[in-house]
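> Take a look at this one; I'll ask things after.
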Amino acid sequence: MLGILGLLGFASFTYGLMTAIAGGIPPLDPANRSNPTNGYIYASDGHTVLAVLRGDESRVLVESNEIAPVMKSAIVAIEDRRFYEHRGVDVRGIVRAVWADVRNKRVVEGGSTITQQFVKNAYVKNQRTIARKLREAALAWQLEQRWNKDRILTAYLNTIYFGNQAYGVQQAARVYFNKQAKRLTLPEAALLAGIPSDPTAFDPAAHPQAARARRDVVLHAMLTQGVIGRGEYRRALATPLPKPEDIHLPGTEGQAPYFANYVKEQLLARYKSPRKVFGRGLRVTTTIDLGLQRIARESVAKWLPPDPENANHPTAAVVALDPKTGAVLAMVGGENYHRSQFNLATQRNRQTGSAFKPFVLATALRDGISPQTTLVSEPITINLGDRLWPVQNYENEYMGRISLATATTHSDNSVYAQLTALVGPKQVAATARRLGVTGKLSGFYSIGLGGEAASPLDMARAYGAFADGGYRIDGALMGNVPRAIETIRVKGKTLVNAPVKEPVLDRNLTAIVNQLLQDVVRSGTGRRAALPGWSVAGKTGTTSNYGDAWFVGYTPQLVAAVWVGYPAKLVPMLTDFHGDSVAGGTYPALIWKSFMERASRYWLKQAALEDPGRATERSFAAPLYPYSSSVRVTFRDGKLERDNGYCRSTTTLVFFSSNTPAAADCKLNEVAVPRVVGQTIAAARAHLEAQPLTPTYVYKPAAPRQQLGIVLGQFPARGTLSSYDKVTLVLAKPLHGTVPKVTGLGVERAQAKLRKRKLVGVVRGVGARVVSQQPKAGVAAAPGMRVTLVLGRA
């Protein structure tokens with residue numbers, strides 16, 4: 001009786017649970033969704049609206065027959081390839097995802113089905129709890145009992161977020177391709193199908209390279225699953241992405257559209273989910289000052305006036321920050337937001353030229369190298385190990401032996417290439433990251449001459465650390481990113497993104513950098529940026545092909561970065577400055593000066609209201625130069641070391657006496673130890689003797705089937721030795737002989753030969769002779785080891 005009662009109770013509970021879950025199905029239909037609450041992005045005044053954070057209002061619902069079949073196939077291929085086989089919860093997919101995560105030691109694959117994702121997206125609350133996961137799975141299973149697959153897939157495509165405020169496939173088709181969802185082609189469908197997994201990272205307008213790579217992943221999935229043929233696959237791969245200027249976002253933007261879009265990116269990065277940003281009623285107060293924003297736009301238009309008839313001409317990007325608080329005060333990301341949403345102020349796809357040299361200078365100063373160090377300005381070729389790097393100066397002008405201070409003033413490439421090699425390109429990249437450059441830096445040797453890309457926003461922030469005495473400004477809420485947000489008000493609670501100062505460079509070393517960069521403006525390449533009555537520090541930047549031109553400069557009150565170039569592609573600007581080439585000291589310096597002349601007076605009044613002491617700050621603190629002495633050094637193991645008398649490739653540098661490098665352990669007639677593990681004995685011996693080094697050998701027992709005659713290890717594995725020193729090589733020695741060659745023999749002779757070596761021959765196939773064997777001859781043998789003999793006709 002107890003068992004019967006228990007069974008009845010369990011059945012009642014299950015029925016009640018399923019009934020309750022089934023009752024939640026109707027609200028899941030996109031047509032029954034409740035209206036969201038708009039959020040707003042405000043300027044720094046707290047009331048001027050820059051953008052509306054709409055939610056589902058930007059969604060246009062469509063029926064199944066209004067969605068191109070290829071769009072359905074693409075989303076199934078990449079998100080849930082077993083969609084038409086499971087019943088809402090894919091156990092096999094969960095196991096596969098867990099195994100992939102374990103193998104990669106990180107989350108690389110999700111196990112949720114399209115049905116589960118639709119259920120999750122339909123929830124107003126999206127907490128990461130076990131109860132929610134169980135309810136999500138149960139509701140997905142129940143939904144599969146009531147809705148057919150096509151209805152679920154249609155509802156899912158009407159619900160998911162495709163970036164740029166486009167909810168649902170119909171709005172996404174309009175935003176990215178200006179067409180209806182039923183007219184999407186294969187490459188267009190693949191592009192859209194790849195966006196929902198990370199709408200910010202795979203945004204075709206902001207990150208076209210990542211979006212293209214993601215589209216190609218979707219196409220490959222469709223190919224391997226047999227959805228498309230190889231010809232369709234190749235043609236789709238060759239199809240270009242929509243141009244950023246052709247991607248038209250829904251709705252209208254305020255007075256700083258590029259900045260407002262950047263703020264949305266920061267919000268998405270913080271909250272991880274578009275549903276927590278759009279339509280959730282956020283009230284976001286930003287740092288943008290509309291007065292400075294207007295001055296920045298007018299300064300660009302003064303020197304590079306827009307041409308409505310011709311979009312293919314040089315334009316500029318401008319970013320201005322307050323170095324004391326890190327607040328982004330102005331951002332001009334392009335000429336016409338409605339024509340192109342590609343934000344030139346935040347994209348890291350253009351080289352910086354000599355504007356990156358202050359990071360080399362800061363690295364050298366931190367290593368104790370004095371600006372009085374002299375190097376020879378001349379055409380040079382730097383040995384990078386695997387290739388040679390020829391370096392030339394701007395217009396092939398050279399100055400002979402000059403100090404680092406003079407090389408900085410006149411932007412000497414030859415001297416700075418040598419300095420980069422001395423301090424190490426990886427260390428230069430590390431300095432730039434500490435100062436505030438958040439983009440990827442590989443640390444190639446060309447980094448010291450601006451051979452790696454950075455955004456105007458990153459450059460302004462990094463120079464801001466110089467202006468603020470060596471402090472990088474982070475945000476309490478957003479972390480190590482530019483401070484574009486002041487506060488976020490959500491559900492009656494206000495979150496404050498207060499400035500957080502991170503010390504990254506010694507204050508006196510920073511003062512030295514400021515003094516040297518002031519000389520660039522007083523008498524060097526940045527003379528056009530001089531401001532009477534103000535201390536101005538800055539650096540020009542011009543790439544070797546004249547495709548990018550920069551000026552990044554600052555006063556104690558403001559820092560601003562200006563980039564000039566062709567927005568859509570790299571075009572050499574050889575005659576664009578009144579018939580001459582566009583360099584950093586031309587349009588960029590002139591735009592910077594036009595902006596700062598007005599902005600400094602304006603911002604001084606604004607800042608003085610909060611801190612009257614700032615109104616008197618018109619010059620930088622004077623540096624103290626420590627006592628210096630000459631030291632002969634070499635660059636070894638990623639750092640500078642003092643020559644101990646045996647080092648090669650040495651250079652004499654002037655060091656601050658309190659910071660001279662440690663002595664190197666160079667050997668007499670020193671040579672590098674090459675790595676020869678994995679090479680044959682003959683190749684390893686030849687490699688070592690060419691250094692010259694002397695090989696010696698030790699042996700270890702060989703494992704069965706192990707290939708012989710290959711170097712297994714070496715001592716020392718790396719480093720340096722004196723010429724003809726010994727390098728010990730570890731080799732395998734078979735204790736029971738080797739597997740003999742029996743291919744070509746008759747089966748009986750082959751068996752006999754194997755038995756003689758105490759090996760067991762296993763015959764496969766039909767024939768009189770052995771045509772192949774496994775393992776092959778020459779590997780280490782072991783008593784009783786099986787050797788497969790494949791028979792055939794001779």
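> For the peptides 315-324, 489-498, 151-160, what is the packing order when you average, over each peptide's residues, the other Cβ atoms within 10 Å and list the highest mean first?
Details: 315-324: 26.6, 489-498: 12.6, 151-160: 23.5.
The most tightly packed comes first, giving 315-324, 151-160, 489-498.
> Could you work out the relative contact order of the range 157-270, using alpha carbon pairs under 8 angstrom and six or more residues apart, expressed as a whole percent?
Details: 125 pairs, mean separation 28.6, N = 114.
Reported as a whole number, the value is 25 percent.
> Return, ordered by residue number, the residues of the range 470-488 whose backbone nitrogen is under 18 Å from a label point located 7 Å along Cα→Cβ of R283.
485-488
> Taking the highest mean first, how do the peptides 368-374, 515-521 order by number of other beta carbon atoms within 10 angstrom per residue?
Taking the mean over residues of other Cβ atoms within 10 Å, the ranking is 515-521, 368-374.
> Quick one: length gained pulling L574 to T48 fully straight, 0.36 nm per residue minus the C-alpha distance?
Values: separation 526, 0.36 × 526 = 189.36 nm, distance 4.17 nm.
Stretched out fully, the L574 to T48 stretch lengthens by 185.2 nm.
> Going by accessible area, probe 1.4 Å, with all protein chains left in place, what is the ranking of H207, H313, H338, H410, largest first?
Details: H207 60, H313 25, H338 120, H410 85 Å².
So the residues, ranked largest to smallest area, are H338, H410, H207, H313.
> Still on this structure, I have one more. How large are Rg and Dmax for the range 693-794 when only the alpha carbon atoms are used, in Å?
Using the Cα atoms of the range 693-794, the pair Rg, Dmax is 18.5, 60 Å.
> Quick one: of the DSSP bridges fully inside the chain, what percent are antiparallel, nearest 5? Could the numbers behind the result be given before it?
Values: 78 of 97 bridges.
In the chain, DSSP labels about 80 percent of beta bridges as antiparallel.
> Determine, from the Cβ-Cβ distance of H736 and R764 and an R0 of 22 Å, the FRET efficiency 1/(1 + (r/R0)^6), rounded to the nearest 0.05. The partial results should precede the final answer.
Details: r = 24 Å, r/R0 = 1.09.
About 0.40, to the nearest 0.05.
> Still on this structure: If each DSSP helix of 4+ residues adds -39,500 (n - 2.57) and the sum is divided by the residues in the chain, what number results at 222 nm, nearest 500 deg cm²/dmol?
On the way: 21 runs with 265 residues, N = 794.
Calculated at 222 nm, the ellipticity per residue is -10500 deg cm²/dmol.
> Multiply the residue gap between T494 and R522 by 0.36 nm, knock off their C-alpha separation, and tell me the result in nm, one decimal place. Could you put the intermediate results ahead of the total?
On the way: separation 28, 0.36 × 28 = 10.08 nm, distance 4.59 nm.
Residue separation times 0.36 nm, minus the Cα-Cα distance, leaves 5.5 nm.
> If packing is taken as the average number of other Cβ atoms within 10 Å across a peptide's residues, how do 523-530, 393-400 rank, most packed first?
The peptides rank, most packed first, as 523-530, 393-400.
> So which lysines pass the test for K357, namely a Cα distance under 29 Å, with those fewer than 8 places away in the same chain ruled out?
Leaving aside lysines fewer than 8 places away in the same chain, those within reach of K357 are K302, K324, K426, K440, K501, K539, K569, K593, K639.
> When a/c is below 1.5 the answer is rounded, else prolate if a/b is larger than b/c, else oblate, so apply that to the range 185-293 with a ≥ b ≥ c taken from the square roots of the Cα gyration tensor eigenvalues. Intermediate results must be reported in sequence, preceding the final value.
Working: a/c = 3.36, a/b = 2.17, b/c = 1.55.
Here the range 185-293 falls in the prolate category.
> Using Cα positions and a limit of under 20 Å, work out the lysines in reach of K726, with same-chain residues fewer than 8 apart set aside.
Counting by Cα, and skipping residues close in sequence, K726 has these lysines nearby: K667, K700.
> Once each part is reduced to its C-alpha centroid, what is the distance from the range 260-323 to the range 432-484 in angstrom?
For the range 260-323 versus the range 432-484, the Cα centre distance is 19 Å.
> Net charge near Y233: determine it from the other residues with C-beta under 14 Å of the C-beta of Y233, scoring Lys and Arg +1 and Asp and Glu -1.
Value of the local net charge: +2.
> With a/c under 1.5 counting as rounded, go ahead and sort the range 737-794 into rounded, prolate or oblate using the C-alpha gyration tensor (a ≥ b ≥ c being the square roots of the eigenvalues; past the cut-off, prolate if a/b is larger than b/c, else oblate).
Numbers: a/c = 1.95, a/b = 1.79, b/c = 1.09.
Because a/c hits 1.5 or more and a/b exceeds b/c, the range 737-794 counts as prolate.
> Right, another one. Using 1/(1 + (r/R0)^6) with R0 = 51 angstrom and r between the beta carbons of R82 and Q372, what's the FRET efficiency to the nearest 0.05?
Values: r = 70 Å, r/R0 = 1.37.
Efficiency at R0 = 51 Å is approximately 0.15.
> Okay, next question. What's the center-to-center distance, using Cα atoms, between the range 641-674 and the range 392-411 in Å?
26
> Lys and Arg at +1, Asp and Glu at -1: add these up for the other residues within a Cβ distance under 11 Å of G746 and post the number. Each step should come with its number before you reach the end.
On the way: positive: R749, K753, R769; negative: E748.
Residues close to G746 contribute a combined charge of +2.
> While we're looking at this one, here's another question. Would you please give the FRET efficiency between I681 and H220, computed as 1/(1 + (r/R0)^6) with r the Cβ-Cβ distance and R0 = 45 Å, to the nearest 0.05?
Numbers: r = 42 Å, r/R0 = 0.94.
The formula returns an efficiency of 0.60 here.
> Could you please put Y84, Y587, Y40 in sequence from largest to smallest accessible area, using a 1.4 Å probe?
Values: Y84 140, Y587 20, Y40 65 Å².
So the residues, ranked largest to smallest area, are Y84, Y40, Y587.
> Something else now. How many nm is it between the label spots at S442 and R294, if each spot is 7 Å from the Cα in line with the beta carbon?
In this crude spin-label approximation the distance works out to 4.5 nm.
> Could you work out the Rg to Rh ratio of the chain, with Rh taken as the Kirkwood radius (inverse of the mean 1/r over all Cα pairs)? Intermediate results must be reported in sequence, preceding the final value.
On the way: Rg = 33.5 Å, Rh = 31.4 Å.
Taking Rh as the inverse mean 1/r over Cα pairs, Rg/Rh reads 1.07.
> Just the accessible area for S581, please: 1.4 Å probe, Å², rounded to the nearest 10?
Accessible area of S581: about 30 Å².
> Can you give me the relative contact order of the chain as a percent, contacts being Cα pairs under 8 Å and 6 or more apart? Before the final figure, lay out each step's value.
Numbers: 1633 pairs, mean separation 71.4, N = 794.
Relative contact order of the chain: 9 percent.
> With every protein chain left in place and a probe of 1.4 Å, what is the accessible surface of M71, to the nearest 10 Å²?
Roll a 1.4 Å probe over it and M71 shows about 0 Å².
> Using only alpha carbon positions, build the gyration tensor of the range 498-587, then give the equivalent ellipsoid semi-axes as the square roots of 5 times its eigenvalues, largest first, whole angstrom. Before the final figure, lay out the partial values.
Details: eigenvalues 155, 54, 26 Å².
Output for the range 498-587: semi-axes of 28, 16, 11 Å.
> Next question, about the same structure. Could you check the spin-label model distance between S403 and E502? Points 7 Å from the Cα along Cα→Cβ, value in nm.
My value for the distance between the label points is 3.4 nm.
> Here's another thing I want to ask about it. Once you have a ≥ b ≥ c as the square roots of the Cα gyration tensor eigenvalues for the range 176-227, tell me rounded if a/c is under 1.5, and otherwise prolate or oblate according to whether a/b is larger than b/c. Kindly include the intermediate steps, with their values, before the conclusion.
Working: a/c = 2.19, a/b = 1.13, b/c = 1.94.
It is oblate, given that a/c is not under 1.5 and a/b is not larger than b/c.
> Give me the extension gain from R598 to R234: residue separation times 0.36 nm, minus the current Cα-Cα distance, reported in nm with one decimal.
Numbers: separation 364, 0.36 × 364 = 131.04 nm, distance 5.44 nm.
Net length gain for the segment: 125.6 nm.
> Would you kindly find the accessible area of L477, with a 1.4 Å probe and non-protein molecules such as ligands, DNA and RNA excluded, rounding to the nearest 10 Å²?
40
> Find the centroid of the Cα atoms in the range 721-794 and in the range 491-517, then give the distance between the two in whole Å.
Cα centroid to Cα centroid, the span is 68 Å.
> May I ask you to rank T660, T287 by accessible area, largest first, using a 1.4 Å probe over the protein chains only?
On the way: T660 60, T287 5 Å².
Ranked from most to least accessible, the order is T660, T287.
The values are calculated or read from the model by the stated rules, or taken from the named source; none is laboratory data. Bear in mind the structure is a predicted one, so any value in this text is a computation, not a measurement. We place every Cβ from the backbone using ideal geometry, glycine too, and count neighbours over all the protein chains shown. We work out accessible area using only protein heavy atoms, side chains counted, and drop any ligands, DNA or RNA first. Shrake-Rupley method; radii C 1.70, N 1.55, O 1.52, S 1.80 Å.
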